[in-house]
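Note sheet for the following structure.
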Amino acid sequence: MSAGPSQAQQGFGALPGEHKLEVLQASDISSPSGVASRSPILKLLLASGEERCTALEYRPVRALRGVQAGDTVVLGQEPAVRHGVVLLEQHNVLAVIPGPREQQQQQQQQQ
């Protein structure tokens, strides 16, 4: 991993390297009234240790459907950064690793 997510807070450019970031919060901002939208737009609060950054779904990213706090998102291929916000597209989200809560649910379902 190269520079951390705090680099996103510098304003404009791209986030170089590959980053594993924990999802602290995920919310759909497509509908302020709270009504579910056909095309959700996710806003993520991500963290890597002490560093935090905000990411927005710039274009739909299938891998982010169902993402929740505690999951880990692996970012790469230099997502764009505008006004300190990481803009996510399909090719920037390399993987979503389920958090411990989901792993426990999967184990219970297998039993």
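Looking only at the stretch 1-42, count how many residues are of a type in the set (S, T, N, Q), modelled with pLDDT of 70 or more and surrounded by 14 or more Cβ atoms within 10 Å (Cβ to Cβ).
1
Of all residues being assigned to a loop (DSSP other than H, G, I, E, B) and open to solvent by 20 Å² or more (accessible area, probe 1.4 Å) in the stretch 68-91, which is farthest from LYS20 (Cα to Cα)? Just the residue, please.
HIS83
Kindly check whether there is at least one residue in the stretch 101-108 that is out of contact with any helix residue (DSSP H, G or I) (no Cβ under 7 Å at 6 or more places or on another chain), over 19 Å from GLU18 (Cβ atoms), modelled with pLDDT under 95 and not in a helix (DSSP H, G or I).
Checked against the condition, which is being out of contact with any helix residue (DSSP H, G or I) (no Cβ under 7 Å at 6 or more places or on another chain), over 19 Å from GLU18 (Cβ atoms), modelled with pLDDT under 95 and not in a helix (DSSP H, G or I), the stretch 101-108 yields no hits at all.
For (1) touching a His at 6+ places or on another chain (Cβ under 8 Å); (2) hydroxyl-bearing (Ser, Thr, Tyr), each residue gets a yes or a no:
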position	(1), (2)
ARG52	no, no
ALA63	no, no
THR72	no, yes
GLY76	yes, no
ARG82	no, no
LEU88	no, no
VAL93	no, no
ILE97	no, no
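Within the stretch 44-66, how many residues turn out to be touching a Leu at 6+ places or on another chain (Cβ under 8 Å) and open to solvent by less than 90 Å² (accessible area, probe 1.4 Å)?
Number satisfying all stated conditions: 12.
Quick one: which residue in LEU45, LEU24 is free of Cβ contacts under 8 Å to residues at least 40 places away in the same chain and part of a strand (DSSP E or B)?
The unique qualifying residue is LEU45.
What's the number of the condition ALA95 fails, among (1) of a type in the set (A, V, I, L, M, F, W, C); (2) at pLDDT below 90; (3) part of a strand (DSSP E or B)?
Every listed condition holds for ALA95 apart from (2).
The values are calculated or read from the model by the stated rules, or taken from the named source; none is laboratory data. Since this is a predicted model, take the numbers as computed values, not measurements. Virtual Cβ from ideal backbone geometry, glycine too; neighbours counted across all protein chains shown. Please note that ligands, DNA and RNA were not included when accessible areas were found on the heavy atoms of the full protein model with its side chains. Shrake-Rupley method; radii C 1.70, N 1.55, O 1.52, S 1.80 Å.
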